[in-house]
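Read through the structure below, which is laid out as structure tokens, and then see the notes.
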Amino acid sequence: MATELDDTQLSCLLEPSSEIQISSQVSGIVSQVNAERGGNVEKGQLLIALESGLEKAALNSVKARAEFTIRKLERNQDLLRKGLLSEYERDELLTDRELADLATREAEERLKQRKIYSPIDAIVVERHVSIGEYVGSEPVLELVSLDPLHAEIVLRSDYYGTLEPGMPVEVLVGPDGKPYQGTVKIVDKIIDAASGTYGVRVEVPNPGARLPAGLKCRAAFNVAKAE
């Protein structure tokens with residue numbers, strides 16, 4: 001017969017499903033900030049840009065070099081077709097073109113590194129830099145994802161094997177116990193020997209981030225003790 005877990009075993013806390021510290025791949029001076037504490041950001045949104053005058057100039061330089069190698073190759077196409085160039089001259093022309101293309105792609109990647117984009121839909125919880133400040137390897141932003149939320153639950157080991165990923169769970173939130181539907185996502189495979197308990201993660205959909213993280217909750221489900 002199913003045995004309902006007591007309140008202590010059911011107690012949980014709603015936590016963000018993702019917490020990310022955003023850092024820059026390169027150092028530099030901040031020229032643009034598009035994120036504020038408490039604000040929403042979308043995946044792919046530009047968050048921070050660094051000054052990039054040198055990188056833009058370098059890209060223009062290698063592009064000019066690439067265009068020159070293209071024109072040089074075009075001017076020698078007739079000689080190439082007629083076989084009037086030596087093997088060395090032919091290889092030199094083709095290699096110059098290939099190296100120019102590689103240099104252009106490298107310069108483009110260096111320029112891209114001057115901008116930081118959001119990897120997820122999230123909420124900004126901390127902003128550590130402002131326009132004009134120097135950025136090194138330290139985090140510049142902290143983001144959290146609140147849709148979905150995670151509820152971490154601790155169960156006694158004698159209930160191990162009764163919960164499986166995908167099982168529905170009713171999560172009661174706040175002092176009035178308002179119910180929200182959740183789903184078991186993770187069941188730990190290791191039991192803590194000292195406490196005789198194991199953990200279960202429940203995922204709770206939270207469209208529009210209507211629920212904040214940090215709320216206490218209880219997971220309401222009946223399970224039978226393992227024999």
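Any read-out appearing in this document is the output of simple, stated calculations on the displayed coordinates, not a laboratory observation. Everything numeric here is computed off the predicted structure, so don't read it as measured data. Cβ sites come from the backbone with ideal geometry, for glycine too, and all protein chains shown count toward neighbours.
Here are the numbers:
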item: Cα-Cα P(r), the range 16-140, percent of pairs per 10 Å interval; result: 12, 30, 21, 15, 12, 8, 2
item: Largest-first principal axis extents of the Cα set of the range 9-59 (Å); result: 62, 19, 17
item: Principal-axis tilt of helix 53-75 within the chain, Cα atoms, nearest 10 degrees; result: 50
item: Mean separation of Cα contacts under 8 Å (6+ apart) over length of the range 53-112, as relative contact order %; result: 60
item: Karplus-derived HN-Hα couplings along the range 28-38 (A = 6.51, B = -1.76, C = 1.60, θ = phi - 60°), whole Hz, x at Gly and Pro; result: x, 9, 5, 10, 8, 10, 10, 9, 10, 4, x
item: Crossing angle, helix 87-112 versus the chain [Cα axis fit, 0-90 degrees, rounded to tens]; result: 40
item: Ranked packing of 187-196, 140-149, most packed first, by mean Cβ within 10 Å; result: 140-149, 187-196
item: For Ile22, distant residues with modelled amide H under 5 Å away; result: Val140, Leu141, Glu142, Leu143
item: Leu215 long-range amide H proximity, modeled H, under 5 Å; result: Leu14
item: The chain: mean projected area of Cα convex hull, nm²; result: 21.0
item: Long-range HN-HN contacts of Asp121 with modeled amide H, under 5 Å; result: Lys43
item: For Ile120, net neighbour charge (Lys/Arg +1, Asp/Glu -1) across residues whose Cβ lies under 11 Å away; result: -3
item: Reachable lysines from Lys115, criterion Cα separation under 27 angstrom, eight or more residues apart if same chain; result: Lys43, Lys56, Lys63
